[in-house]
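Report on the structure given below.
The values are calculated or read from the model by the stated rules, or taken from the named source; none is laboratory data. Everything numeric here is computed off the predicted structure, so don't read it as measured data. Note that we place each Cβ from the backbone using ideal geometry, even for glycine, and neighbour counts take in every protein chain shown. Note: areas computed on protein heavy atoms with side chains; ligands, DNA, RNA excluded. Shrake-Rupley method; radii C 1.70, N 1.55, O 1.52, S 1.80 Å.
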Amino acid sequence: MRHLSGRPLTVAGGLLLGLLLAAVLLALNVMGVHVDERPPPRAAATTTGAGTPLTGNQPELTRALLSRADLGERFTPAPTPTAVTATTRPPEPAAPSTTAPSAPAARAERCRTLFDAPWELVPAGHALTDQAMTDLNPSGGTGGSAPAPPLLPRLRQTLSLFADDGAAAAYDAIRTSVADCRTFETTLEDGTSATVSLHELEVTGGGADGAYAVRITATGGDRTLTGYLAVGRVGQMLSVLRTVGPEGTVDSGDADLTLDLAVDKMELLDGVMDSD
């Protein structure tokens, strides 16, 4: 009887092994197990444009806003604070082709902004990366989350974060505007013409990089409104507090305490930012 040589046995063994491997792969596919022999894809690189803030890494500014718990029972919070994010300050409107506004007209506009929305007094060219705003309404009358009527005091806080030295620039712009707007004419929310006077208040500011406050008195028609504007800066953050109401409803002496509370919360957030 003839014997098989070693080479045919090796070939036969290889064929048998190949058949067994194919059977195993077929069984795996039948059971729903997918075998992918391709190399894993390479992770795509993440790129951002120069100067574009990573909004996902920005601090939660709403955590540094004042709340009812901070101010006690005297104020009731308005609806949940809203936060908006912007990469750059909106471009300035194009100058008209006619003659530029006169100095008195420019001053009048700046003074009105100082009275109505002082947080908008940010010089052009500074990047606003994050902003949060909240209203604290008086506990009486409206109650709950309903916005306060125009003539009731409403403490509005706007907290802004800048990518550069914009916080210092905005702080200086507000102080400069106050110095230039000690007395000016404006229009109240109900359309009444009024004369507004600003008087500087003494504030401590705690550990702020800048703290400033003024008492607001607006006289128009047959009534007088009083309130205060308080501004605090901690690093790249700027807090602007503004409240005005019928005479006797707002104590301008509260400006120092309220500003200190705002500065304390900003310092806590600034510490979190530094540790990141």
Give me the pairs: first residue in the range 103-132 and in contact (Cβ under 8 Å) with a residue 60 or more places away in the chain, second residue open to solvent by 50 Å² or more (accessible area, probe 1.4 Å) and of a type in the set (Gly, Ala, Ser), beta-carbon distance under 6 Å, and six or more apart or on different chains, which are they?
Ala127/Ala163; Thr129/Ala163; Ala132/Ala83
Could you tell me whether any residue of the range 174-191 is in a loop (DSSP other than H, G, I, E, B), open to solvent by less than 20 Å² (accessible area, probe 1.4 Å) and at pLDDT 95 or above?
yes
Test: Phe162 is closer than 27 Å to Ser67 by Cβ and of a type in the set (Phe, Trp, Tyr)
yes
Would you confirm whether or not the range 207-215 contains a residue that is more than 22 Å from Met133 (Cβ to Cβ), of a type in the set (Ser, Thr, Tyr) and buried (at least 17 other Cβ atoms within 10 Å of the Cβ)?
no
Which listed residue, of Thr219, Thr224, Thr243, Thr249, is surrounded by fewer than 17 Cβ atoms within 10 Å (Cβ to Cβ), farther than 29 Å from Asp164 by Cβ and touching a residue at least 40 places away in the same chain (Cβ under 8 Å):
Thr249
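Conditions tested, residue by residue: (1) modelled with pLDDT of 90 or more; (2) surrounded by fewer than 19 Cβ atoms within 10 Å (Cβ to Cβ); (3) not in a loop (DSSP other than H, G, I, E, B).
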position	(1), (2), (3)
Ala132	yes, no, yes
Leu136	no, no, yes
Gly141	no, yes, no
Gly144	no, yes, no
Pro147	no, yes, no
Pro150	no, yes, no
Gln157	yes, no, yes
List every residue pair whose Cβ atoms sit under 7 Å apart, with the two residues 6 or more apart in sequence or on different chains, where the first one lies in the range 176-196 and is in contact (Cβ under 8 Å) with a residue 40 or more places away in the chain and among the polar types (S, T, N, Q) and the second, anywhere, is outside any helix (DSSP H, G or I) and open to solvent by less than 30 Å² (accessible area, probe 1.4 Å).
Ser177/Leu121; Thr186/Ala194; Thr186/Val196
Just need a number here: residues in the range 192-220 that are within 21 Å of Gly253 (Cα to Cα) and assigned to a strand (DSSP E or B).
15
I'm trying to understand the selection: among the residues of the range 228-240, which are under 13 Å from Ala255 (Cα atoms) and either in contact with a Pro (Cβ under 7 Å, 6 or more places away or on another chain) or surrounded by fewer than 24 Cβ atoms within 10 Å (Cβ to Cβ) (or both)?
Leu229, Val240
Taking the range 159-168 and keeping only residues that are within 21 Å of Glu200 (Cβ to Cβ) and buried (at least 18 other Cβ atoms within 10 Å of the Cβ), one is left with Ala167
